[in-house]
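Below you'll find the structure, written out as structure tokens, and then a few comments.
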Amino acid sequence: AQSVTQLGSHVSVSEGALVLLRCNYSSSVPPYLFWYVQYPNQGLQLLLKYTSAATLVKGINGFEAEFKKSETSFHLTKPSAHMSDAAEYFCAVTRTGGSRLTFGEGTQLTVNP
Amino acid sequence: EAGVTQFPSHSVIEKGQTVTLRCDPISGHDNLYWYRRVMGKEIKFLLHFVKESKQDESGMPNNRFLAERTGGTYSTLKVQPAELEDSGVYFCASSLQGVRKNYGYTFGSGTRLTVV
């Protein structure tokens with residue numbers, strides 16, 4: 001069985017500050033990991049994915065995440081927050097071959113001016 | 001390429017009525033998934049089609065939910081009769097078929113279902 005824990009249902013940062021959204025996973029097999037973002041009144045958009053290649057993954061909009069097997073973590077970071085980053089972020093895990101995703105509960109990011 | 005399309009975007013129905021949600025995946029994507037998010041909780045898996053076959057329907061909450069995928073193209077999710085606890089956002093996603101490689105998943109914008 002697989003599971004995902006996102007630490008902090010709400011995170012608030014100032015514009016220009018570092019964004020750090022935490023994700024820890026549990027998986028009995030090598031995982032594939034994803035970060036999705038949902039802007040208000042929109043669907044889920046893929047930010048980035050880890051598929052067993054490079055452990056540091058760069059995504060869209062300046063986000064990146066590092067896969068750390070020893071810590072079972074896949075934290076999402078962005079050096080400098082923009083107001084437009086305000087959204088809900090979801091970490092998800094799956095096995096290979098198009099299996100279903102298991103999501104965390106989501107983290108609502110607020111960016112203050 | 002066109003994305004995953006879901007409609008309606010919103011639906012408000014009374015308890016006991018029937019609602020049918022539709023999902024059009026990306027052309028050529030054999031995998032189609034339904035997920036649901038209820039009341040700000042985590043997004044939960046409902047079922048997975050590979051072409052027209054149900055690969056995994058372990059997430060379907062009960063027999064009031066019926067999913068079909070006609071000819072391996074679009075899919076419908078029918079709720080009959082709807083209950084208050086069925087309210088939430090229903091997401092559809094599609095992906096290419098792969099055994100050793102995960103090609104990623106493209107999500108639709110979701111259908112917000114409100115049962116009153």
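Considering Cα pairs under 8 angstrom that are at least six residues apart, work out the relative contact order of chain A and quote it in whole percent. Before the final figure, lay out each step's value.
Working: 284 pairs, mean separation 42.3, N = 113.
Rounded, it is 37 percent for chain A.
Could you give log10 I(q)/I(0) at q = 0.16 Å⁻¹ for the range A:1-77, computed by the Debye formula over C-alpha point scatterers of equal weight, without solvent? Computed log10 I(q)/I(0) values: -0.62.
Semi-axes of the range B:1-79's equivalent ellipsoid from the Cα gyration tensor, sqrt of 5 times each eigenvalue, largest first, rounded to whole Å?
20, 15, 13
For the range B:37-116, the solvent-accessible area with a 1.4 angstrom probe is 49 square angstrom per residue. Loop-located trypsin sites (Lys or Arg not before Pro) in the range A:47-80 (DSSP state not H, G, I, E or B) with no more than 16 neighbouring Cβ atoms inside 10 Å: A:Lys69.
3J(HN,Hα) along the range A:76-91, derived from phi through the Karplus expression 6.51 cos²θ - 1.76 cosθ + 1.60 where θ = phi - 60°, amounts to 9, 9, 8, x, 9, 6, 10, 4, 5, 7, 4, 5, 9, 10, 10, 9 Hz, with x in place of Gly and Pro. Between the range A:64-113 and the range B:2-77, the C-alpha centres lie 24 angstrom from each other.
Taking Rh as the Kirkwood radius, which is the inverse of the mean 1/r over Cα pairs, what is the Rg/Rh value for the protein assembly as shown?
Rg divided by Rh gives 0.97.
Of all accessible surface on chain B at a 1.4 Å probe, what whole percent is carbon and sulfur? That fraction is 47 percent.
What are the residues whose amide H is under 5 Å from the amide H of A:Glu15, where those residues sit 5 or more places off or on another chain and H is modelled from the backbone? Sorted by chain and number, the residues that satisfy this are A:Asn112. Top mean-square fluctuation among A:Ser70, A:Ser27, A:Ser14, Gaussian network model of chain A, C-alpha springs under 10 Å? Comparing A:Ser70, A:Ser27, A:Ser14 in the GNM, the peak value goes to A:Ser70.
Surface composition of the range A:1-101: carbon and sulfur atoms hold 51% of the protein heavy-atom accessible area at a 1.4 Å probe. Listed values for the range A:22-35 are Karplus-derived 3J(HN,Hα) couplings in whole Hz (6.51 cos²θ - 1.76 cosθ + 1.60, θ = phi - 60°), namely 9, 9, 10, 10, 10, 8, 7, 10, x, x, 10, 10, 9, 10, and x replaces Gly and Pro.
Subtracting the Cα-Cα distance from 0.36 nm times the residue separation, let me have the gained length for A:Leu56 to A:Ser28 in nm, one decimal.
Stretched fully, the A:Leu56-A:Ser28 segment lengthens by 7.9 nm.
Considering only B:Gly40, B:Gly59, B:Gly88, give the residue with the highest GNM mean-square fluctuation for chain B, with springs between Cα atoms whenever their separation is below 10 Å. It is B:Gly40. Projected label points at A:Ser12 and B:Thr20, each 7 Å from Cα along the beta carbon direction, are separated by 4.7 nanometres.
Between chain B and chain A, roughly 1800 Å² of accessible surface gets buried, counting both sides and using a 1.4 Å probe. The listed residues B:Phe7, A:Phe63, once ranked by accessible area (1.4 Å probe) with the largest placed first, stand as B:Phe7, A:Phe63.
Distance between the pseudo-spin-label points of B:Thr114 and A:Ser80 (7 Å out from Cα toward the beta carbon): 4.1 nm. Label-to-label distance, A:Thr5 versus B:Glu68, with points set 7 angstrom from Cα along the beta-carbon direction: 4.4 nm.
Karplus-based coupling profile of the range A:2-15, in residue order and whole Hz: 10, 8, 9, 10, 9, 7, x, 6, 9, 10, 10, 9, 8, 4, with θ = phi - 60° in 6.51 cos²θ - 1.76 cosθ + 1.60 and x standing for Gly or Pro. Contact order, relative form, for chain B: 37 percent (alpha carbon pairs under 8 Å, 6 or more residues apart, mean separation divided by residue count). Annotated for the protein assembly as shown: lysine pairs at least 8 residues apart or interchain, Cα distance under 22 Å, count 23.
The values are calculated or read from the model by the stated rules, or taken from the named source; none is laboratory data. A quick note: this is a predicted structure, and the numbers were derived from the prediction, not measured. Because the Cβ atoms are built from the backbone with ideal geometry, glycine has one as well, and the counts that use them run over all protein chains shown. Remember, those area values only see protein heavy atoms, side chains included, never the ligands or the DNA or RNA. Shrake-Rupley method; radii C 1.70, N 1.55, O 1.52, S 1.80 Å.
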